[in-house]
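Single-structure report; data block below.
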Amino acid sequence: MRIVFDSSTLILLAKIDMLRDVTLQNKAAIPKKVEQEVLAKKTPDAELARLLIHEGKLEVIQVRKEMVRKLAEDFRLHAGEAEALALAIDLSAPLAVDDGPTIKACKLIDRPFLTAIHFLIHLAGTDRISRAIALEKLNQLSIYGRYKGRIIEDAARRIKGDHQ
């Protein structure tokens, strides 16, 4: 599956050491602005993203500026989020995003989206990582991300196999 990444999810997946796994299983793309945002600092997350771009696992694609401007205005999105959403629309792909306003925009325009937690639950559910490791990574996401407690609790139940 082809997935467009916003900076937020890309960085969160890098921080919990899952970005490479996700980009090996999916065709991953980012807009130019997301590339600039992610590579702006000399961090391990940025270096991993730089390597994945170099390896061709993370494709950088230019987007139409007029669509970006309209999305930014209509939904009050920052440049990177607006570019990522525009690219997801252009490619008819889901958007990997953990930014609240962009998630709301996806819901309003009926654009499928995935969060870092979605990827984690999927990897645990398909036995690509153990439940114990998934719970450790969920704990890391609770520190790095801005998730509400109920979201973390629901994710933990799903990882443990309790779907109630």
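Below are the figures for this structure:
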quantity	calculated
Residue check for ASP99: closer than 26 Å to ALA134 by Cα and surrounded by fewer than 17 Cβ atoms within 10 Å (Cβ to Cβ)	no
Filter result (surrounded by fewer than 21 Cβ atoms within 10 Å (Cβ to Cβ), of a type outside the set (Phe, Trp, Tyr) and more than 25 Å from MET18 (Cβ to Cβ)) within the range 45-84	GLN62, ARG64, LYS65, GLU66, MET67, ARG69, LYS70, ALA72, GLU73, ASP74, ARG76, ALA79
Residue list for the range 55-72, restricted to those being touching a residue at least 12 places away in the same chain (Cβ under 8 Å) and of a type in the set (A, V, I, L, M, F, W, C)	LEU58, VAL60, ILE61, VAL63, MET67, VAL68, LEU71
Scan of the range 142-154 for residues that are surrounded by 13 or more Cβ atoms within 10 Å (Cβ to Cβ) and in contact with a Ser or Thr (Cβ under 9 Å, 6 or more places away or on another chain), ordered by number	GLY145, TYR147, ILE151, ILE152
Given (1) within 14 Å of the chain's Cα centre (by Cα); (2) assigned to a helix (DSSP H, G or I); (3) crowded, with 23+ Cβ neighbours inside 10 Å, index of the condition ARG20 fails	(3)
Filtered residues of the range 97-128 (kept if part of a loop (DSSP other than H, G, I, E, B) and either closer than 25 Å to ALA72 by Cβ or modelled with pLDDT of 95 or more (or both))	VAL97, ASP98, ASP99, ILE109, ASP110, ARG111, PRO112, THR115
Count - residues of the range 33-44 that are surrounded by 15 or more Cβ atoms within 10 Å (Cβ to Cβ) and either assigned to a strand (DSSP E or B) or not hydrophobic (A, V, I, L, M, F, W, C) (or both)	4
Residue list for the range 15-72, restricted to those being among the charged types (D, E, K, R) and at positive phi	ASP17
When residues of the range 85-96 are limited to those that are under 14 Å from the mean Cα position of the chain (by Cα) and not in a helix (DSSP H, G or I), the one surrounded by the fewest Cβ atoms within 10 Å (Cβ to Cβ)	PRO94
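The values are calculated or read from the model by the stated rules, or taken from the named source; none is laboratory data. As the structure is a prediction and not an experimental result, all values here were calculated from the model. Because the Cβ atoms are built from the backbone with ideal geometry, glycine has one as well, and the counts that use them run over all protein chains shown.
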